Amino acid sequence: MASNAVRHDHDNALQRVPADQRKGFISIAAVAAGFCICMSGLYTGAALSAGMSLKNAIIAAVIGNIILSLFGGAVGAAGAKEGVASAMLSRHSFGMQGSKFVGALLAIVMLGWFAVQVGFFGSTMQALFPNGGFITTQYAAAAWGGILMMLTAYFGFKGLNILSYVAVPAVGILAIIGMVFAVKGAGGWAILAQVAPSEPMTIGAAIVSVVGSFAGGASAQADITRYAKTPGIAWGGTIFGYLVANTFIVFAGYVVTASSGHSDLPVAFIAMGMGALALIVLILAQWTTNDNNLYTASLGFANVFPVSKRVLVIVCGVIATIVGALGLADYFSTWLSILGTGIPPVAGIIICDYFFLRGQKYEYGKGTKYCQVNIWAFVALAIAVVVGFTVKWGIASVNSLVVAIILYFIFMKAAGNKGVGIIGETTEK
């Protein structure tokens, strides 16, 4: 059990967010949108442009983000009502020790994304400014970019909030300008709509890519929405973040790539004469997402290690920056596939436990009892992941999510509620 000093660590990492620190819709929506507006979303759109028509890409983006909104919104609503982060939510379903696995898993996933984004940042800066000297080389840019992204995460939700208020509207306006340039250069929307895909992709595969681009973030949505005043605000902010902001950024990536004919987005921006504007979009988009990635990772690890959250931000940020600079971004497509299928079951189990088994009521604080490990949560998780990767029918990420919810519910009703498979007990001090 964490010490009292660590429990009351900066940004309520291991306790409920007090009522006087709760935020309204605009604040939650801004941070959620900032989380979603990033280069990986633009690159997802770029990938779709090579595989499908504009109409099908929009359909895939909307469906994918509806899925993200639904399961991210459910986790986020639970986090808002209870005022705790995702890893803490999982204590009741996975157990006290089991929740450490969930915290570590989400933290590693988000650090992976931090590294990916840092890698994108470094390579893109080099492409934008090939003659900029050492400061814009891939490794140097990744290093200072990673440090920049650590700053707001270090100051917690307040830091994320302030940056998002500035960055979200700025990126939105600049992305619209980029699309206008791109469509005008291509000859209009009618010409763009007729672009034939060079590497055909099914709508199902495209949806998995869209969901995969933020499956980890949606599973940890409570890390943001725990600051919401009500579950309704959490739902609204989450839906705005995914269905509006993320759909828009995927669409922007598609339009710019399809219009310019360049799959490399920095090259596309340069070709349109948007070098300076592209730099602003890049920095703000990367910054608002990666500070969230690192913020979520530090909250996950705070549930595992009795160390200050700020120390975790610095240590994790430095490690992930080094890894990103070494080229983890090269494996972007693989990350999307794995995350899109393997992470949603974690959210599914939390959703099932909170909404269908516990009546939307969790207890936290001194005297609260938890089991150490709930075997059924891990069994349901393992089977759901296998189903997601092996069953070819439908959408893999949805399959794994639904299977986790159904199996966990059955296992708990049949055995877990009778104490079978529930290992140990601990009391919060």
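Computed values, structure above
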{"item": "Hey, Gly365 open to solvent by less than 60 Å² (accessible area, probe 1.4 Å), in a loop (DSSP other than H, G, I, E, B) and not polar (S, T, N, Q) or not", "result": "yes"}
{"item": "Residue that is surrounded by the most Cβ atoms within 10 Å (Cβ to Cβ), among those in the stretch 394-413 that are without any contact (Cβ under 8 Å) to a residue 60 or more places away in the chain and of a type outside the set (A, V, I, L, M)", "result": "Ser400"}
{"item": "When residues of the stretch 75-108 are limited to those that are open to solvent by 10 Å² or more (accessible area, probe 1.4 Å) and of a type in the set (A, V, I, L, M, F, W, C), the one nearest to Asp20 (Cα to Cα)", "result": "Met96"}
{"item": "Qualifying position, being among the hydrophobic types (A, V, I, L, M, F, W, C), open to solvent by less than 20 Å² (accessible area, probe 1.4 Å), touching a Ser or Thr at 6+ places or on another chain (Cβ under 8 Å) and within 29 Å of Ser400 (Cα to Cα), among Ala268, Ala215, Ala228", "result": "Ala215"}
{"item": "Residue check for Ala2: open to solvent by 10 Å² or more (accessible area, probe 1.4 Å), at pLDDT below 90 and not in a helix (DSSP H, G or I)", "result": "yes"}
{"item": "Residues satisfying the stated conditions in the stretch 374-393, i.e. under 12 Å from Gly416 (Cβ atoms), open to solvent by 40 Å² or more (accessible area, probe 1.4 Å) and of a type outside the set (A, V, I, L, M)", "result": "Trp376, Phe378"}
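The values are calculated or read from the model by the stated rules, or taken from the named source; none is laboratory data. All of these numbers come straight from a predicted model, not from anything done at the bench. Every residue, glycine among them, receives a Cβ derived from its backbone with ideal geometry; neighbour counts consider all protein chains shown. For the accessible areas, the whole protein counts, side chains as well, though only heavy atoms, and no ligand, DNA or RNA atoms are used. Shrake-Rupley method; radii C 1.70, N 1.55, O 1.52, S 1.80 Å.
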